[in-house]
Amino acid sequence: LLNYLAERPADHEVRMVLAQAYESERNLEGAAREYAQVVEASPDNLVALNNLAWVYNEMGDTRAEDYGRRAYALAAENPNVVDTLAAILVTQGDLQEGIELRRKAVSLSDGRPDYRYRLASALAAAGERDEARSILDDLVAKNFDFESREEARKLREQL
């Protein structure tokens with residue numbers, strides 16, 4: 001991909017593939033660099049904006065919120081975009097807006113278990129233990145198969 005992009009630097013579809021490959025390998029700096037190039041060339045590229053916001057948040061980069069809000073302005077009804085901005089806000093300590101957005105992501109996604117777990121986690125961080133416990137009880141009891149299932153079980157035990 002690097003050789004290809006050296007010859008065709010404007011091929012942003014391939015650049016996105018490279019960014020996603022870097023992200024999957026946890027090479028966050030590489031992913032951020034590639035997503036940023038796509039955003040520079042296509043400022044309204046929703047996937048690049050949202051992924052760049054996510055990567056910046058993972059890196060602890062303060063630019064995460066700006067990119068998350070830009071993506072949200074383009075697609076406020078996309079559960080992935082809403083979830084990304086919520087994650088950024090929760091990470092930054094804005095639990096009130098983060099929880100509001102977590103609720104919205106759950107609603108927009110028809111209650112996807114991973115979004116429900118992240119809502120419960122934010123609620124627990126905000127001291128809303130009963131509501132968090134209720135969500136986690138349901139997730140654990142119904143044996144939903146989702147990426148954060150083990151984390152959900154552990155959080156439920158802590159609560």
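The values are calculated or read from the model by the stated rules, or taken from the named source; none is laboratory data. Because the structure is predicted, anything quoted here is derived from the model rather than measured. Quick reminder, even Gly has a Cβ in these numbers, built from the backbone with ideal geometry, and neighbours come from all protein chains shown. Just so you know, the surface numbers come from the protein's heavy atoms only, side chains and all, with ligands and any DNA or RNA stripped out. Shrake-Rupley method; radii C 1.70, N 1.55, O 1.52, S 1.80 Å.
What is the angle, in °, between the Cα long axis of helix 149-158 and the longest principal axis of the Cα atoms in the chain? Nearest 10 is fine, range 0 to 90.
The two axes meet at around 40 degrees.
Kindly write out, for segment 105-115 in residue order, the coupling ³J(HN,Hα) from the Karplus curve 6.51 cos²θ - 1.76 cosθ + 1.60 (θ = phi - 60°), rounded to whole Hz, with x marking Gly and Pro.
Along segment 105-115, the couplings run 4, 4, 5, 5, 9, 6, x, 3, x, 5, 5 Hz.
What number results when the radius of gyration of segment 60-159, computed over Cα atoms, is divided by 2.2 N^0.38 Å?
1.05
Based on DSSP loop calls and a cut-off of at most 13 other Cβ atoms within 10 Å, the longest stretch of the chain free of exposed trypsin sites (Lys or Arg not before Pro) is what?
Maximal segment without exposed cleavage sites: 27-141.
Averaging the inverse of every distinct alpha carbon separation and then flipping it gives the Kirkwood radius. What is it for segment 1-112, in angstrom units?
Computed over segment 1-112, the radius equals 14.2 Å.
Karplus couplings for segment 52-69 from phi (6.51 cos²θ - 1.76 cosθ + 1.60, θ = phi - 60°), rounded to Hz, Gly and Pro as x?
Coupling constants for segment 52-69: 5, 4, 4, 5, 4, 4, 4, 7, x, 7, 5, 6, 4, 4, 4, 5, x, 5 Hz.
Can you work out the FRET efficiency for the pair ASP66 and GLU151, with r the C-beta to C-beta distance and R0 = 22 Å, to the nearest 0.05?
0.20
Using only the heavy atoms of the protein chains and a 1.4 Å probe, how would ASP11, ASP83 rank by accessible area, largest first?
ASP11, ASP83
Quick check: pseudo-label points 7 Å beyond the Cα along Cα→Cβ at LEU46 and ALA141, how many nm apart are they?
About 3.6 nm separates the two model spin labels.
Find the accessible area per residue for the chain; the probe is 1.4 Å, ligands and nucleic acids are left out, and the unit is Å².
Accessible surface, normalised per residue, equals 53 Å².
Under a point-charge model restricted to the Cβ atoms of Lys and Arg (+1) and Asp and Glu (-1), what is the dipole moment magnitude of the chain relative to its Cα centre, in debye to the nearest 20?
Rounded to the nearest 20 debye, it is 300 debye.
May I ask you to evaluate 6.51 cos²θ - 1.76 cosθ + 1.60, the Karplus curve with θ = phi - 60°, for each residue of segment 121-126 and list the ³J(HN,Hα) values in order in whole Hz, giving x for glycine and proline?
4, 5, 4, 4, 5, 8
Treat each spin label as a single point 7 Å out from the Cα along the C-beta direction, and report the GLU100 to MET59 distance in nm.
Here the answer is 2.9 nm between the modelled labels.
Taking the Cα centre of each part, how many Å lie between segment 30-60 and segment 73-93?
Using only Cα atoms, the two centres lie 14 Å from each other.
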